[in-house]
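These notes concern the structure reproduced below.
The values are calculated or read from the model by the stated rules, or taken from the named source; none is laboratory data. Just so we're clear, the structure is a prediction, and the values are computed from it rather than from any experiment. As a convention, Cβ positions derive from the backbone with ideal geometry for all residues, glycine included, and neighbour counts pool all protein chains shown. The protein model used for the area step is the full one, side chains on, heavy atoms only, and it has no ligands, DNA or RNA in it. Shrake-Rupley method; radii C 1.70, N 1.55, O 1.52, S 1.80 Å.
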Amino acid sequence: MTVELAHDVQGSGPLLVLVHGITENRHSWDPITADLAATHRVLRVDLRGHGESLFADSYDVAELAADIAPLVDEPPLIVGHSLGGTVVTAYASAFETRGVVNIDQTLNLGPMQAGLLQQAELLRGEAFPMVMDALFDSLRGQVDDAGWQRLSELRRYDQSVVLGIWGIMLDNSAEELAAAVAAMTAGIGVPYLALNGFDQGPDYPAWLAERIPTAVVETWDGVGHYPQLVRPAEFLARLAAFEASLA
């Protein structure tokens with residue numbers, strides 16, 4: 001069952017959907033929304049359990065993606081950051097899109113699974129907020145102090161939501177996780193840009209292309225987890241170039 005998502009729409013033009021990362025909400029896109037809305041109809045959503053959207057019993061990535069579909073009235077260019085990168089991938093597997101941009105979210109979830117399993121007891125206990133703080137601190141990269149303060153203030157650490165989303169890794173075997181990733185990426189034939197702020201390693205482009213043949217991996221190494229905020233002008237130009245290539 002889908003959840004009705006809190007959302008907003010700005011601007012006019014071709015539809016562009018923006019999907020935020022875990023614990024954050026649609027306002028994570030605030031610094032670049034006005035620029036995007038100058039040429040697009042920009043739909044920003046709060047995923048279930050985030051921002052102003054309702055909580056749910058399940059946080060399966062396919063359900064997170066399906067929640068967006070009732071808000072979409074034409075094939076969009078869909079852009080997701082972090083968790084949003086998995087959501088837009090699952091969306092493109094199930095629904096029609098013009099293209100997909102995944103910002104700094106590896107789909108090779110095995111290494112992340114290994115790290116989360118090492119911290120499973122802490123994540124499920126009272127140390128959860130401290131683990132989350134440490135995680136985000138490790139991802140900050142080149143975000144300036146004002147930007148980091150803004151992001152920190154809009155994050156919400158809800159343990160049940162985070163553990164529900166990460167259940168794909170915490171509650172499954174490596175084989176089950178691989179099958180879930182295969183389902184998430186199945187059938188994607190539209191152009192797909194994986195724009196990373198951390199280098200995912202030399203084997204990642206080939207790994208991703210095996211699952212999404214249209215995928216292109218681009219790395220702005222050292223920028224960190226938020227390339228769209230650290231280099232907004234460069235990101236907007238790259239997004240425009242990617243969209244121009246869709247024609």
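Just a few scattered comments:
- Of VAL45, VAL79, VAL216, the residue with the greatest mean-square motion in the GNM of the chain, using alpha carbon springs below 10 Å, is VAL216.
- Rounded FRET efficiency, nearest 0.05, which uses the C-beta distance separating ALA183 from SER245 and R0 of 30 Å: 0.65
- Backbone geometry of region 233-239 corresponds, through the Karplus equation with coefficients 6.51, -1.76 and 1.60 at θ = phi - 60°, to 3J(HN,Hα) couplings of 5, 5, 5, 4, 5, 5, 5 Hz, x marking Gly and Pro.
- For the chain, the 222 nm mean residue ellipticity estimated from helices alone, with every DSSP H stretch of n ≥ 4 adding -39500 (n - 2.57) and the total spread over all residues, rounds to -12500 deg cm²/dmol.
- For region 39-49, 3J(HN,Hα) computed residue by residue from phi via the Karplus equation (6.51, -1.76, 1.60; θ = phi - 60°) reads 10, 9, 8, 9, 9, 10, 10, 9, 4, 3, x Hz, glycine and proline entered as x.
- Local electrostatic count at ARG26 - Lys and Arg +1, Asp and Glu -1, tallied over other residues with Cβ under 9 Å: -4
- Restricting the calculation to alpha carbons of region 150-247 gives Rg and Dmax of 16.2, 42 angstrom.
- Remark: region 1-59 carries 40 Å² of accessible area per residue (probe radius 1.4 Å; ligands, DNA and RNA excluded).
- Spacing of the two label points (7 Å from each Cα toward its C-beta) at SER160 and VAL190, in nm: 3.3 nm
- Remark on region 122-182: hydrodynamic radius 13.5 angstrom, per the Kirkwood mean of 1/r across alpha carbon pairs.
- Here's how it looks for LEU15: its modeled amide H is under 5 Å from those of ARG41, LEU77, which are all 5 or more places away or on a different chain.
- Note that region 1-104 carries a Kirkwood radius of 13.2 Å, evaluated over its alpha carbons pair by pair.
- Normalised by 2.2 N^0.38 Å, where N counts its residues, the alpha-carbon radius of gyration of the chain equals 0.94.
- Each Lys or Arg adds one and each Asp or Glu takes one away; over the other residues whose Cβ falls under 14 Å from the Cβ of PHE242, this sums to -1.
- Most positive-pole-ward Cα, VAL87, ALA38, HIS27, against dipole of region 26-90 from beta carbon charges: ALA38
- With each label modelled as a point 7 angstrom along the Cα→C-beta vector, the LEU122-GLN10 pair spans 3.6 nm.
- The alpha carbon centroids of region 197-247 and region 1-70 are separated by 20 Å.
- Backbone N under 14 Å from the ARG140 label point (7 Å along Cα→Cβ), restricted to region 206-247: 224-226
- Within the accessible area of region 93-247 (1.4 Å probe), percent carbon and sulfur: 55 percent
- Computed over region 12-107, relative contact order equals 31 percent, with contacts defined as Cα pairs under 8 Å that lie 6+ residues apart.
- Square roots of 5 times each gyration tensor eigenvalue, C-alpha, region 60-127, largest first, Å: 29, 13, 9
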